[in-house]
Amino acid sequence: MQIQPKASHFIDGAYVDDVAGTPIAVVYPATGEQIATVHAATPAIVDQAIVAAKRAQKQWAAMSGTERGRILRRAADMIRAQNRDLSILETYDTGKPLQETLVADATSGADALEYFGGLAGSLTGEHIPMGEDWVYTVREPLGVCVGIGAWNYPTQIACWKAAPALACGNAMIFKPSETTPLCALKVAEILCDAGLPAGLFNVVQGMGEVGGSLVTDPRVDKVSLTGSVPTGKKVYAAAAAQMKHVTMELGGKSPLIIFDDADLDNAVGGAINGNFYSSGQVCSNGTRVFVQKGLKEAFLQRLTERLQNAVIGDPLDEATNFGPMVSEAQLNIVAGYIEKGQAEGARLVSGGKRLDQKGWFLEPTVFADVSDDMIIAREEIFGPVMAVLDFEDEDEVIARANDTEFGLSAGVFTKDLTRAHRVIGKLEAGSCFINSYNDAPVEAPFGGVKASGVGRENSKEAIQHYSQVKSVYVRMGDVEAAF
Ligand code: NAD
């Protein structure tokens, strides 16, 4: 099987290549088979992308927001019309089951383009009366924005960054993860076909080094990264050296708190969604599942029963609901954590093994009797490993839930809504859920606090992160001066 793209990069409205760049093998996670090769961007390719973006941005910003938005909304319609093909490509890129990609990837990218396309015409400033004088503000684009993606949602991440950036009148250069380089090229092609002028959305391939060269280029005004906390610290520091705007969407180790009075099946469903969707490769996952002592055994029993319904196998078969890990490297990282969990004395309740077949398949894994100091309770695993911890009371669980450097998400399951709001109010997290887990509609802000990130994606909040405000004082009378 070969899914070779037309070329490695998409710059200035066209596919381009430079085979002098380091080859990057694209591997289908379900078989381990190489399905494409792309080349990392050489410095000449990076320069070409920045020159194109810089040139195109000025004219784009001069268009009305309504005109810009119309193009984004057209792209959203085209993405929806091609959803099946794009979902299959997403499945080849990531290994995620088609059952998921058909509803969660291109569709959520289209949502972002539609939403921000709709907002583009209403990005206005304000009028501030000052007696006879007045101030007006203008919301201006930042200029050239760089987006750097993780490998778990390659289409969605490209769209979540491109849509608000373009709506605000910026140009974007997007570097996908080297593990999943295919989907963003397709997004670029569709935006171009929808009428986006050349140079406004460019895709360059490469490892961290290429990302680094984009972040440090003085012609770049903003960097939005989706990635791990260690990468975020490096990119944030590099951007700060030139006082660039940043959005950091980073990792987490989020708490999901289940009280005794919770609806058992809903709580189990929330824990499954928050640990095993996309084979657990979701930043906001609630991987520390705190279950109140009275419900613990019933919870584990029901969870174990429902895990029997996991259909693991060929991701292109729509009956499959649990796919492989994205890469052999990620499989080995996660398998290492499973070994650590056992060595630390956590009780393996379910799963834990690699499947004896080609591809990077790992069973959905549940550990119980996990304590707060175990490595599997402290570090982001980014795989299908749920840690179940017991707790007795509300104050205790809030303190333990907050005892982490991360702060991306948090969830609470209880029928007592007063308690639900009280507990959520005290949890240190950016994206929270009550009697649900991992919903991410484009209308709601998404992002983390503490080490999990800076800024927000989606919703009107994202506009603040892709634009800046100019204020203009207008004096109607004479200027008074001391001399
Ligand atoms: P990663 O940090 O290894 O890489 C992310 C991206 O950064 C890649 O494109 C990589 O090439 C690039 N990169 C690496 N070093 C760089 C450098 N020095 N300068 C510039 N770019 C550099 O992350 P990953 O393994 O691809 O993805 C998994 C991580 O992403 C997890 O921690 C997960 O939680 C996080 N994530 C967060 C969100 C969110 O929205 N908060 C969403 C998805 C994934």
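The values are calculated or read from the model by the stated rules, or taken from the named source; none is laboratory data. Computed from a predicted structure; not experimentally measured. Here the Cβ is made from the backbone with ideal geometry for all residues, glycine too, and neighbour counts use every protein chain on show.
Quick notes
- In segment 263-271, the count of residues that are outside any helix (DSSP H, G or I) and at pLDDT 95 or above is one or more.
- Tally of residues being assigned to a strand (DSSP E or B) and either among the charged types (D, E, K, R) or surrounded by 15 or more Cβ atoms within 10 Å (Cβ to Cβ) (or both) across segment 468-483: 2
- Take the conditions (1) more than 16 Å from the ligand (Cβ to nearest atom); (2) surrounded by 15 or more Cβ atoms within 10 Å (Cβ to Cβ); Glu396 misses just one of them, which is (2).
- Residue list for segment 179-205, restricted to those being within 14 Å of the ligand (Cβ to nearest atom) and touching a Lys or Arg at 6+ places or on another chain (Cβ under 6 Å): Val204
- Tally, over segment 276-319, of residues that are touching a residue at least 40 places away in the same chain (Cβ under 8 Å), of a type in the set (A, V, I, L, M, F, W, C) and part of a helix (DSSP H, G or I): 5
Yes/no matrix, rows are residues, columns are (1) within 26 Å of the chain's Cα centre (by Cα); (2) of a type in the set (Asp, Glu); (3) in a helix (DSSP H, G or I); (4) within 27 Å of Ser327 (Cα to Cα):
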residue	(1), (2), (3), (4)
Arg68	yes, no, yes, no
Ala76	yes, no, yes, no
Asp85	yes, yes, yes, yes
Lys96	yes, no, no, yes
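- Of all the residues in segment 228-249, those that are of a type in the set (Ser, Thr, Tyr), in a helix (DSSP H, G or I) and either touching an Asp or Glu at 6+ places or on another chain (Cβ under 6 Å) or farther than 14 Å from Glu380 by Cβ (or both) number 1.
- For segment 445-467, a residue qualifies if it is part of a loop (DSSP other than H, G, I, E, B) and either buried (at least 22 other Cβ atoms within 10 Å of the Cβ) or touching a helix residue (DSSP H, G or I) at 6+ places or on another chain (Cβ under 9 Å) (or both), and the qualifying residues are Pro445, Gly447, Gly448, Gly455, Arg456, Asn458, Ser459, Lys460, Tyr466.
- Inspection of segment 375-385 finds no residue satisfying the criterion of being more than 27 Å from the chain's Cα centre (by Cα), at pLDDT 95 or above and surrounded by fewer than 17 Cβ atoms within 10 Å (Cβ to Cβ).
- Candidates Arg306, Arg288 - the one that is of a type in the set (Lys, Arg) and surrounded by fewer than 20 Cβ atoms within 10 Å (Cβ to Cβ): Arg306
- So Gly341, is it surrounded by 20 or more Cβ atoms within 10 Å (Cβ to Cβ), at positive phi and away from the ligand (no atom under 16 Å from the Cβ): no
- Contact map, segment 135-155: residues that are on the phi > 0 side of the Ramachandran plot paired with residues that are assigned to a loop (DSSP other than H, G, I, E, B) and within 13 Å of the ligand (Cβ to nearest atom), Cβ distance under 9 Å, separation 6+ or inter-chain. Pairs shown: Gly143/Val220.
- Any hit, segment 462-483, residues being at pLDDT 95 or above, within 14 Å of the ligand (Cβ to nearest atom) and polar (S, T, N, Q): no
- Cβ separations smaller than 9 Å between residues 6+ apart or across chains give the following pairs from segment 320-334 residues that are in contact (Cβ under 8 Å) with a residue 12 or more places away in the chain and buried (at least 20 other Cβ atoms within 10 Å of the Cβ) to residues that are assigned to a helix (DSSP H, G or I) and among the charged types (D, E, K, R): Gly323/Glu100; Val326/Asp93.
- Complete set of residues in segment 219-262 that are more than 14 Å from the ligand (Cβ to nearest atom) and under 30 Å from Ala298 (Cβ atoms): Pro255, Leu256, Ile257, Ile258, Phe259, Asp260, Asp261, Ala262
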